[in-house]
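Quick notes on the structure that follows.
Please treat every number below as a calculation from the coordinates, not as lab data. The structure displayed is predicted, hence computed values, not measured ones. In this analysis, Cβ positions are derived from the backbone assuming ideal geometry, glycine residues included, and neighbour counts consider all displayed protein chains.
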2 protein chains.
Amino acid sequence: MPSLVHFTLDPFSRRLRLALAEYGVPVELIDEEPWEPSPHLYELNPAGTLPVYLEDSTTALSGIEAITEYLEETRATRIPLIPGDAFERAEVRRLAGWFDGKFYAEVSEPLLTEKVIRRFLRRDKGGGGPDTARVRQAMLRLRDHLDYISHLVDHRVWLAGEELSIADLAAAGHISAIDYFGDIPWADYPVAKGWYQRVKSRPSFRPLLADTIRGMQPGPHYADLDF
Amino acid sequence: MPSLVHFTLDPFSRRLRLALAEYGVPVELIDEEPWEPSPHLYELNPAGTLPVYLEDSTTALSGIEAITEYLEETRATRIPLIPGDAFERAEVRRLAGWFDGKFYAEVSEPLLTEKVIRRFLRRDKGGGGPDTARVRQAMLRLRDHLDYISHLVDHRVWLAGEELSIADLAAAGHISAIDYFGDIPWADYPVAKGWYQRVKSRPSFRPLLADTIRGMQPGPHYADLDF
């Protein structure tokens, strides 16, 4: 069975767990804590980043776009996650890149660093309480992204077009990770919320809703489909 | 004719200029200064980033991976830049991702910001002289990357394998942009230098070697193939 070296709340690992489930590929999960990466992780991926996909015991793939495209080339027999013609596929990849780059830098990296990573780091490595100014700034930027999601699904069924795509799963990987803390202002964004409810209701999502990390309970609505 | 909204020293724009030349696709260049993005850029790409590829007057594509994959799907008839089987293609994309993410964050973003962008920004927007500590740190990180390039081409013909690929062009986009300043310690990295000489000697590279930006002459060896 293939395996995935991942961290529960890592948005990129989550995207791949969703994609693998949508493709119908069973996978064994191997936990890794990104604030204390093992020497083994660097052997598998010289960049030291998560996730790493192991097709078998000898073949490790890393880099989120590399793994995403590899799975689409080899496993998209039942359902493509980069669907459509060349232009439509470019739109899927543009939006996946939006969440990987812009959303990650502005929202999920600061929130995950301040709310999770710093709890587990030793104080001399940057551990401690969250930098509340950084959290506040990320929550402001989050509102711009919820506006953008609302704008997209006002005109489309899914983020990139008429079909579910890796753009939805990339977005859901990031949003579900920060939704764990329970403070996304969903009430102000009914259209984005409707989109997220549809993604969250998919069978591929169920294992993510059962996730917990030690010492931190998820917010009360995290696993609720009618939040 | 397709066009590319670009900035001369933007590493991602450079990658696409190289790729388009390798594919044999003529393109009209439209200049944009990233420190003062025009409202038109935001209409073409809501993320406001360069480059934007215009297939024709109505179709704008943005996001570096989205444009890269689009061109490979539609223009790689003579020469593929993501060659090989699914595993080999994953290795090409992993390395392109390495330069897009890690090299950019550690080396090209700080060097370009400190050495170029801050010269052109108004002082109240962060303009001024370079932060020398940031430059020094980026030059240290650059050495790690030159080691990694040396390691790769010790075992391979090109960065990702036996054939030229988008990984080489991604790396060359970043490295050529900072080589403009003339302070890459090439003498300490003969193997990486050999690889860069081979890339630099390709006809696709010639227009980049003629580039200049206002008020900044390139280093004396920038355009020299026997640097």
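Observations on the structure shown:
- Given +1 at the Cβ of Lys and Arg, -1 at the Cβ of Asp and Glu and no other charges, the dipole of chain B around its Cα centre is 620 debye to the nearest 20.
- Taking Cβ atoms as reference points and 10 Å as the exclusive limit, the residues near B:Pro51 contribute a net charge of +1, counting Lys and Arg as +1 and Asp and Glu as -1.
- Distance between segment A:154-170 and segment B:1-62 - C-alpha centres, whole angstrom: 25 Å
- Inter-copy separations for B:Gly219, label at 7 Å along Cα-Cβ, nm, ascending: 4.9
- Only DSSP H runs of four or more residues enter the estimate; each adds -39500 (n - 2.57), and after division by the residues of chain B the mean residue ellipticity at 222 nm equals -13500 deg cm²/dmol.
- Rounded to the nearest whole Hz, the Karplus-based 3J(HN,Hα) values (6.51 cos²θ - 1.76 cosθ + 1.60, θ = phi - 60°) of segment B:40-46 follow the sequence 4, 4, 5, 5, 6, 9, x, with x at glycine and proline.
- For segment A:34-101, trypsin sites (Lys or Arg not before Pro) meeting the loop criterion (DSSP other than H, G, I, E, B) and having at most 16 other Cβ atoms within 10 Å: A:Arg78.
- Axis-nearest residue in chain B [Cβ, rotation onto A], distance in whole Å: B:Glu65, 3
- When the protein assembly as shown is described by a simple charge dipole with +1 on each Lys and Arg Cβ and -1 on each Asp and Glu Cβ, the residue from B:Leu164, B:Val25, B:Trp186 located farthest towards its positive end is B:Trp186.
- Counted over all Cα-Cα pairs of segment A:31-86, pairs farther apart than 13 Å make up 64 percent.
- Overall Cα dimensions of the protein assembly as shown, principal axis frame, Å, largest first: 64, 47, 46
- Range of Cα positions in segment B:141-227 per principal axis (Å), largest first: 40, 26, 21
- With label points set 7 Å from Cα along Cα→Cβ, the inter-copy distances at B:Val157 are 4.5 nm, sorted shortest first.
- Placing unit charges on the Cβ atoms only, positive for Lys and Arg and negative for Asp and Glu, gives segment B:3-75 a dipole magnitude near 160 debye about its Cα centre.
- Residue pairs, from the table A:Lys125/B:Lys125; A:Lys125/B:Lys102; B:Lys125/B:Lys200; A:Lys102/B:Lys125; A:Lys102/B:Lys115, whose Cα atoms sit over 27 Å apart: A:Lys125/B:Lys125; B:Lys125/B:Lys200
- Other residues lying with their Cβ under 14 Å from the Cβ of B:Gly219 contribute a combined charge of -2, Lys and Arg counting +1, Asp and Glu -1.
- R0 of 22 Å, Cβ-Cβ distance B:Arg119-B:Leu225: FRET efficiency to nearest 0.05: 0.20
- Most mobile of A:Ile117, A:Ile30, A:Ile149 in a GNM of chain A (Cα contacts under 10 Å): A:Ile30
- Look at the stretch A:97-108: the mean tally of other chain Cβ atoms within 10 Å of its residues' Cβ atoms is 3.
- Oblate is the label for segment A:183-227, because the ratio a/c of its alpha-carbon gyration tensor axes (a ≥ b ≥ c) is 1.5 or higher and a/b is not greater than b/c.
- Geometric descriptor of segment B:86-209, per residue, is 110 Å³ (volume of the convex hull of the Cα atoms).
- Normalising the average separation of contacting C-alpha pairs (under 8 angstrom, six or more residues apart) by the number of residues puts the relative contact order of segment A:1-96 at 29 percent.
- Pseudo-label separations to other copies for B:Asp144 - Cα-to-Cβ vector, 7 Å, nm: 2.8
- The value of relative contact order for segment A:100-167, using C-alpha pairs under 8 Å at least six residues apart, is 25 percent.
- Here is the P(r) of segment B:1-100: all C-alpha pair distances, binned every 5 Å from 0, give 2, 12, 24, 26, 18, 11, 6, 2, 0 in whole percents.
- Surrounding net charge for A:Trp35, when Lys and Arg each add one and Asp and Glu each subtract one, Cβ distance under 14 Å: -1
- Length-normalised contact order of segment B:86-209 in % [C-alpha pairs under 8 Å, at least 6 apart]: 28 percent
- Size check on chain B: the Cα extents along the three principal axes, sorted descending, read 51, 48, 28 Å.
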